[in-house]
């Protein structure tokens, strides 16, 4: 059972555009939602994370929006750059140190 | 402070063989989690070790087993390899199971089963 659904599977934007990646979850016990960035041949790198008591969090050019009632959250990449081209994964867990349930990933391509 | 390291980087095994993958956790981290990432998919949780004890397991058969050592490094063992075991195996370390510590991933070991 896929408990975290991520969309779209892939995304192409021009430099400076704002890719938006959406995730939906089913388990209401989840209370920690990190996003990871993965480059080919590398392990996932933690980008930014949010808890359900906050509706938005910004770190640099990355913003998470969280809608607890809809059980949805999304990642926005502001002023995207070609170096942001990577696969992005949303995840969820009942506590930050516990097992992560990942979405299927979104491959983002930022064209120069 | 060193990050999470894994060895080997790549491995090719034959169906039916056994394999051992190794992970060194980030300094100060006492929890290691293992994940399997098939090509084009998100990582799937295999199990977690906290202070040398298994602390949660995903939907993987018993031929997937692990160990954690007193220095918090860890091993993943897979017996009777199957073709579907071909994947990137990731370990992640964190400060403590159930704590506020985020999980940080190593570069992974690419296992190919032929």
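Observations, loosely collected:
- Per residue, the convex hull spanned by the Cα atoms of the range A:1-95 measures out at 104 cubic angstrom.
- Peptide A:38-50 has a mean of 4 when you count, residue by residue, the C-beta atoms of other protein chains within 10 Å of its C-beta.
- Each residue of the protein assembly as shown gets 121 Å³ once the volume of the Cα convex hull is shared out per residue.
- With 5 Å bins from 0: P(r) over the range B:6-72, alpha-carbon pairs, percent: 3, 14, 22, 26, 21, 9, 3, 0
- Centre separation in Å (Cα based) which lies between the range A:40-67 and the range B:42-114: 24
- Globularity index of chain B, i.e. its alpha-carbon radius of gyration over 2.2 N^0.38 Å: 0.99
- Dimensionless Rg ratio for the range A:14-57, taking C-alpha atoms and the 2.2 N^0.38 Å reference: 1.42
Taken together, the values in this text are just the output of simple stated rules run on the coordinates, not laboratory data. Because the structure is predicted, anything quoted here is derived from the model rather than measured. For neighbour counting, all protein chains shown are included, and Cβ atoms are generated from backbone atoms with ideal geometry for every residue, glycine included.
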